[in-house]
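I have placed the structure first, in the form of structure tokens, so that the comments after it can refer back to it.
The values are calculated or read from the model by the stated rules, or taken from the named source; none is laboratory data. Note that the coordinates shown come from a computational prediction; the quantities given were computed from them, not determined experimentally. No Cβ is skipped: glycine too gets one built from the backbone with ideal geometry, and neighbour counts run over all protein chains shown.
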Amino acid sequence: MINGVVIEHIGATNNNLVGINKTMNDTYVLYKKDTTDHLLIILCPCTFCNNSCVYCMSQGDKNSSFIMPLNVLKAAIKKIYAMPGLNKITYCWHSGEPLFAGLNYYRSALQIIERFHPSDINFEYTIQTNGTLLNDEWALFFKDYNFTVGVSLDGPAKIHNKQRKSKDGKGSFNKTIAGVETLAKHNVRGGALCVITRNTLKYPADDLFHFFRDRKIDINYLIEAKIGANRNNPNTLSIKDIPNLRVYLKRLFELWLEFSDVYIKDFNMLVTRLFDPTFLNVELNNAGCLDILNINPDGTFFFGNPELAGTIDERFGNFNYGNVIYDNLMDVRQSIPFIRQQQEIFAGIEKCKQECLYFAGCRGGNSAHKYFQFNRFDVSSHLTCELNDKIIIELFVSALEDEFLEEKKETDLFLPNNSLHRMARNGVRRR
Ligand code: SF4
């Protein structure tokens, strides 16, 4: 046992991934719930953005000044509160540059939400911003309402400025970091969404790690793969980048092991999946992102991975199966197009469970990324799991094996009281 979980789940042998095999995958129960207890609502207040990042996949009009009318928000929340079984709602403003809507807009939006919010449903606020418009007033507002603020920040200026540019083509680093410092000054919770591209790999992983560690910023990195709208983008990563990426992630992983005060979402989540016994069951809606409700500025909506926004498909149309003004959310969840999409996503997760040695750590991958590569959801291995999930699971298992063998040498017993185990426990506890 390690931290309450049978060690075989993660493979403590002298051969990478031996423990994570098809037999072990049978341990993981895939199940579907008819109701959603924790709903993540992605509210897209506008499609406007003042930045023009080199990998942006947004299909919306980045020059449009249209803001989601407050009566659309009001209609949406009334429909949401009518959904059965909800225990918690996360309201997340995301897409375009959400601060463009202005502070008064958010004051009114929160007034509407809090006026109608049922007292028995917990809720929290988050927002994802490029940080360039942040100031003291915004930070105080976020602090007052206990927002978690994610800032799109790709690391030091030499990396960030090549990727995240203003519309005039200049790097946005100075404005973004000023925004991050303002948030820190007011103790606003949050972290960085850091996109890793070919450009990132030109610099040592140490630079990226210490840049964030020095500023006490949590890291949520995202590997930008050659899929979807970025299929031909020279900055994005493909199979041939795996050797470089492996070296990079290995170093990031070593640093994360060494400095336990740094939170890296994918690493910490991996620890939770592998070590937390409550994660032995895989809730399908959750794994397929179908408990995420995305609402566009005009009220059209879809359930699924937000990256699908704006995608047009010959089988699923634009994935928007309704409008919050006219349609009930539960009716849409029971409609034929949604159920077809849901079944295809579930089939993809099932296929992962049946076929993949890495399922224990990954749990079925990113359904939108599967779709962007194959125009289907019912597939298993895909580019982004090759570029990230499989690499970090191998790093993790091999670190465990090293410690296991080291312990065995000294005691002939597996006593998980070493640094890796401490880290694992921290990983479960933190976030
Ligand atoms: S997404 Fe990829 S790594 Fe994850 S379980 Fe499926 S095939 Fe395995």
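The table for this structure:
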| quantity | calculated |
| --- | --- |
| Residue match in segment 331-346 (condition: in contact with a helix residue (DSSP H, G or I) (Cβ under 9 Å, 6 or more places away or on another chain), within 10 Å of the ligand (Cβ to nearest atom) and modelled with pLDDT of 90 or more) | no |
| Selected residue (only one of Gly85, Gly96 is assigned to a loop (DSSP other than H, G, I, E, B), surrounded by 14 or more Cβ atoms within 10 Å (Cβ to Cβ) and among the small types (Gly, Ala, Ser)) | Gly96 |
| Those residues of segment 184-213 which are in contact with a Phe, Trp or Tyr (Cβ under 7 Å, 6 or more places away or on another chain) and assigned to a helix (DSSP H, G or I), in sequence order | Leu201, Ala205, Arg213 |
| Residue, modelled with the highest pLDDT, within segment 258-310, restricted to residues that are small (Gly, Ala, Ser) and under 17 Å from the mean Cα position of the chain (by Cα) | Gly304 |
| Residue match in segment 354-361 (condition: modelled with pLDDT of 95 or more, among the hydrophobic types (A, V, I, L, M, F, W, C), within 13 Å of the ligand (Cβ to nearest atom) and part of a helix (DSSP H, G or I)) | no |
| Number of the exception - Glu410 against (1) modelled with pLDDT of 55 or more; (2) farther than 13 Å from Phe267 by Cβ | (1) |
| Counted residues, segment 112-127 - those being among the acidic types (Asp, Glu) and either buried (at least 17 other Cβ atoms within 10 Å of the Cβ) or not in a helix (DSSP H, G or I) (or both) | 2 |
| Subset of segment 231-257 [at pLDDT below 95, in contact with a Phe, Trp or Tyr (Cβ under 9 Å, 6 or more places away or on another chain) and not hydrophobic (A, V, I, L, M, F, W, C)] | Arg231, Asn233, Asn235 |
| Among the residues listed as Gly348, Gly317, Gly310, the single one being of a type in the set (Gly, Ala, Ser) and buried (at least 21 other Cβ atoms within 10 Å of the Cβ) | Gly348 |
| Restricting segment 362-376 to residues that are more than 15 Å from the chain's Cα centre (by Cα) and surrounded by fewer than 23 Cβ atoms within 10 Å (Cβ to Cβ), the residue that is farthest from the ligand (Cβ to nearest atom) | Asn375 |
| Failed item in (1) at negative phi; (2) not in a helix (DSSP H, G or I), with Lys216 passing the rest | (1) |
| Condition check for Asp154: outside any helix (DSSP H, G or I) and crowded, with 23+ Cβ neighbours inside 10 Å | yes |
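Residue-by-condition table, conditions (1) among the hydrophobic types (A, V, I, L, M, F, W, C); (2) outside any helix (DSSP H, G or I); (3) in contact (Cβ under 8 Å) with a residue 24 or more places away in the chain:
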position	(1), (2), (3)
Met57	yes, yes, yes
Phe66	yes, yes, yes
Leu73	yes, no, yes
Ile89	yes, yes, yes
Arg107	no, no, yes
Leu110	yes, no, yes
Asn174	no, no, no
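The rows are residues; the columns are (1) buried (at least 19 other Cβ atoms within 10 Å of the Cβ); (2) within 26 Å of Gly131 (Cα to Cα); (3) not hydroxyl-bearing (Ser, Thr, Tyr).
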residue: His210; (1), (2), (3): no, yes, yes
residue: Asp214; (1), (2), (3): no, yes, yes
residue: Ile239; (1), (2), (3): no, no, yes
residue: Ile242; (1), (2), (3): no, no, yes
residue: Arg246; (1), (2), (3): no, no, yes
residue: Phe253; (1), (2), (3): yes, no, yes
